[in-house]
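Take a look at the structure set out below.
Just so it is clear, none of the values below were taken in a lab; they were calculated from the coordinates. Because the structure is a prediction, the values reported are computed rather than measured. Because the Cβ atoms are built from the backbone with ideal geometry, glycine has one as well, and the counts that use them run over all protein chains shown.
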Amino acid sequence: MNERIESCKKVMGNTLQTPKENLAKEEEEEEESSGSSFTCEICIEPMAASKKFKNKNLCTHPFSQDCIAKYIQVKVQDDNTAKIECPGLECRHDLDPFSCEPIVPASLFSKWCDVLCEDYVLGFERSYCPNTN
């Protein structure tokens, strides 16, 4: 019975998740259950799967939480960057600030939020009312 349901889902498509999201979740669950390790693409060091950064299922590049935290720190403090792209090669996804909040210091997260708000507000073209009354 379960096989028929699964084959039907494959044919009909799951409207709640795309196949890419399903694959990412399966890989994540497999990694966590096996207690495996991964190699961080920034520092090229082997890490425990528990230290892998998860970007809210936007992309699944293997980066350690420490390396991503340092990457964010440089982008926010040195470059004053609001939208921080994933450091993965040819990846165009932005890092999700709320996925990053637990791994960066509170002061850095606050500054990043300030920069994001400033970028959002200044992104609008200003228009003034010609009527001074």
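Annotations for the structure displayed:
- Neighbours of Asn80, meaning other residues whose beta-carbon lies under 11 angstrom from its beta-carbon, give a summed charge of -3 when Lys and Arg score +1 and Asp and Glu score -1.
- Other residues whose C-beta falls under 11 angstrom from the C-beta of Val115 contribute a net charge of -1, scoring Lys and Arg +1 and Asp and Glu -1.
- Given R0 = 25 Å, the distance between the Cβ atoms of Arg92 and Lys70 translates into a calculated FRET efficiency of 0.70.
- Inverting the pair-averaged 1/r between distinct Cα atoms of the range 35-133 gives 15.0 Å as its Kirkwood hydrodynamic radius.
- The simple spin-label model puts a point 7 Å past each Cα toward its Cβ; for Lys51 and Tyr120 those points are separated by 3.4 nm.
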